[in-house]
């Protein structure tokens, strides 16, 4: 029986080629999207799984509260926290500190490369985290002259030879010995590194004070003993900072396994995206299943007679259900095979859009197979149970009635409801795409308070001040260069909200968080930042002159929060003495997710990590070549790291860009699948009404009349869908926009555009079939009937 | 074989109520060949549906082979019908996607008859219907007469106690129609009970008894012996 049913399924597929293609294409696309979403989610949830102790690893989180209501939740903690945790809490197995040092030139003899992800950690790092040792001693960090390097770094410097015992000079200031080589980190890891040096070196190289409870620097990572009560431990360490003098800081513990999905204050932003994508995957699968159900049940007219014949010949309801289920399962199986091919082919594009580097072989494991099977089962339940039950419900008498005598209900049918759901979701997705794109455009085009065009940055890699000055002088000689300025960071790296400032007339209770940026006297001019009051920095050389007092420039927001009247000339300090000489108009130094915060510009007194260069308009790329030449002449050993401001600024919205791209793709797929369904339904409707069309035409109906009659019912459904889809998308997008300090307006035009898009696509789809029917010779259609 | 007493069938929609069968009494003996005639809409098909256990009467009693089947649920009717009743339709009602062999096999599969017995029975019945040479063809590859022979083969393959024919020659030319009627006659002569709905006097002439329906009621009943008609 099953064999006969399978045979019949294939015969039906071949017989109804047009609808089979619609059905398979629609459902396969839906399943393929679900597979890609499944792969994305699996990849997101696979972080840090390589660590054997994952369930027992926690970050200490410093939760800082300030008087103006600002809260900071950071992994930066005081150095002595490690010893305090290790000594006093029996639940703690071991503790280590970890901090990123940065990207620096690393050299071995003549070989010199800028290496990123150079970190500093305690020797316990290798006890807590699971690293795959390739050669050497994994505990080598106990010797403060040793470093651990990854295979990639070892290969870069030493090729196939052993790296053990080899010297590596980091940032031209300290030579280390390679004590161990470990395997490269898996791509899905929170704690990435290329070189680990002993954290104790921070005291030796930079004078870090390991007994200071007031400074927050490294991450403190705690490994608890198995089965420890972490809630109690978290509660008992809460006041450690307070007990050591920092009244506004409380400590908590954050599991490493939650690190990617939750922010430090426990908000699951990333998790929300996972839910969002799972939701979209389900929506697309649902839309595809609705198609399948609609096309299957639209065939009712034809298949009802068959059901009748079978029943007359002794088939019970369960036999009919079984037959149709087998047919559907066969089609779903074909769709699943096709979807795998589609997903496989779409992976490169999907990776490009989502910023992932997923490979099919990597994810094709037991978990994936089970997930794929789950998608198949869900699809079977969604798409085949209802049509099978529906078909089996026809009475045997259907066989005795002539074809085409199925009663037509004037009520909205279940099929229509499905079309409405499908198009409501598609309209909502189109609106979301428009709003997200508009927000992205808004972010890209917002006036930042400075001129971001034709600006490049050059990383100075800790080169000496002397060399910096030569570089600036040489660059300024180039006619293509407008201006150069040194700073400790560009206005794309965000702020560093710091408290503890002092100023003349300060309310003793006031504690305003202010970000500090160190700049030279060309900064305002190079970036095009406007002075609102006072003056720019003077030409004092802080490296040479004996300066008692810094010149300080604040932004308007700082003055507002400090509630400072007539600020020019007033004193302002932070351990050092300073005097306010100017106020700049507010400009964005963080991404537009947050509002402009208070900022203080102070003269740069250390080696500048970054040089900002304004270029003449036009021929930017040839200018960049000139900059490279100048750099090579001055720093022949050092590779140049440079880039455009615009690229850096855009990278702050990578996640929004990805979401925008994904939404665009998903709404395209959703509307494509919906239209396949609509095409199928309209074809069936036209077929079902062949006789009616013939009679109407014989009685004088024009092609336009017939077209209107056939299209009307579908267009009505799309209208209802628009009415449902608009508020749905509005509510969702309003929530999404809440996380931006600067957001686009959701204008009525966006909704009209989405509605028109859906409507036009639907009209074209439906008309494709209707026109054919309306043009048909009525004699033919009546004869056919 | 069939004993119908005071049978009524009323169809109700939201707006109207139609009496399709009105107080019908009918007895059909085993081995009898009965023709039901009457104008369109007189209730012939409704009566055939009830006799064939496809539908329940609204009221009245129906004994099928001495079993009261008047108020059976669909599943029970299906199980009673299986293997007992064979249907032949005007429009043949073969499944286009199944071959001749598979169409005839269908009722045997639902009766859960083993593959070898199925094959044996199908071969026999196709031979009898002189259609074996077309067993791998699909319905649309056959002439109307051949299709109806397949439909009859499908009805016969389960050795039913009763064959119901709904205008079996309605879609056939006279030559093929005559062939089908001869076939039904032969089956009846071999012992099959046949109830046939027809508009054709010629077809009706093959029956032992002709019943005339009008507005859901039996208005005349004629017994026929050979070509001699006797008014009852």
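The values are calculated or read from the model by the stated rules, or taken from the named source; none is laboratory data. Predicted, not measured: the structure shown is a model, and the values here were computed from it. All Cβ positions, glycine included, derive from the backbone under ideal geometry; neighbour counts span all protein chains shown.
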Inset, instruction - Scan region A:739-753 and report the pairs whose first residue is within 11 Å of residue A:592 (Cβ to Cβ) and whose second residue is modelled with pLDDT under 90 and loosely packed, with under 13 Cβ neighbours inside 10 Å, with Cβ atoms within less than 7 Å and a gap of 6+ or a chain change. - result: A:741/A:595; A:742/A:446
Inset, instruction - Go through (1) part of a helix (DSSP H, G or I); (2) over 30 Å from residue B:93 (Cβ atoms); (3) touching a residue at least 40 places away in the same chain (Cβ under 8 Å) and name the single condition residue A:351 misses. - result: (3)
Inset, instruction - Kindly indicate which of B:156, B:187 is in contact with a strand residue (DSSP E or B) (Cβ under 9 Å, 6 or more places away or on another chain) and without any contact (Cβ under 8 Å) to a residue 40 or more places away in the chain. - result: B:187
Legend entry - Contacts under 6 angstrom Cβ, first residue in region A:1-18 being at the interface with chain B (Cβ under 9 Å from one of its Cβ atoms) and surrounded by 12 or more Cβ atoms within 10 Å (Cβ to Cβ), partner modelled with pLDDT of 85 or more and in a helix (DSSP H, G or I), 6 or more apart: A:1/B:109
Legend entry - Subset of region B:188-204 [outside any strand (DSSP E or B) and on the phi < 0 side of the Ramachandran plot]: B:188, B:189, B:190, B:192, B:198, B:199, B:200, B:201, B:202, B:203, B:204
Legend entry - Unmet requirement for residue A:33, which otherwise passes all of (1) away from chain B (no Cβ under 14 Å); (2) exposed (fewer than 15 other Cβ atoms within 10 Å of the Cβ): (2)
Inset, instruction - Name the single residue, out of those in region A:652-671 being surrounded by fewer than 16 Cβ atoms within 10 Å (Cβ to Cβ) and touching a helix residue (DSSP H, G or I) at 6+ places or on another chain (Cβ under 9 Å), that is farthest from residue A:270 (Cα to Cα). - result: A:668
Legend entry - Among (1) surrounded by fewer than 20 Cβ atoms within 10 Å (Cβ to Cβ); (2) closer than 21 Å to residue A:397 by Cβ; (3) within 14 Å of chain A (Cβ to nearest Cβ), the one test that residue B:140 misses: (2)
Inset, instruction - Filter region A:304-320 down to the residues that are more than 8 Å from chain B (Cβ to nearest Cβ), buried (at least 18 other Cβ atoms within 10 Å of the Cβ) and farther than 13 Å from residue B:54 by Cβ, then identify the one that is farthest from the chain's Cα centre (by Cα). - result: A:304
Inset, instruction - Could you look through region A:183-212, keep only residues that are touching a helix residue (DSSP H, G or I) at 6+ places or on another chain (Cβ under 7 Å) and at pLDDT 90 or above, and pick out the one that is farthest from residue A:638 (Cα to Cα)? - result: A:183
Legend entry - Unmet criterion (only one of (1) more than 30 Å from residue A:664 (Cα to Cα); (2) surrounded by 20 or more Cβ atoms within 10 Å (Cβ to Cβ)) for residue A:331: (1)
Legend entry - Boolean, residue B:94 is at the interface with chain A (Cβ under 10 Å from one of its Cβ atoms), over 30 Å from residue A:14 (Cα atoms), under 18 Å from the mean Cα position of the chain (by Cα) and part of a loop (DSSP other than H, G, I, E, B): no
Inset, instruction - Please find, among B:74, B:32, the residue that is crowded, with 16+ Cβ neighbours inside 10 Å, under 30 Å from residue B:186 (Cβ atoms) and out of contact with any helix residue (DSSP H, G or I) (no Cβ under 6 Å at 6 or more places or on another chain). - result: B:32
Legend entry - Residues being in a loop (DSSP other than H, G, I, E, B) and in contact with a helix residue (DSSP H, G or I) (Cβ under 7 Å, 6 or more places away or on another chain) - total across region A:628-646: 2
Inset, instruction - Go through (1) within 19 Å of the chain's Cα centre (by Cα); (2) under 30 Å from residue B:173 (Cα atoms); (3) assigned to a helix (DSSP H, G or I) one by one and return the number of the condition residue B:127 breaks. - result: (1)
Inset, instruction - Could you check region A:62-167 for helices (runs of 4 or more DSSP H) lying wholly inside it with 1 or more residues that are closer than 30 Å to residue A:610 by Cβ and within 28 Å of the chain's Cα centre (by Cα)? - result: A:151-158
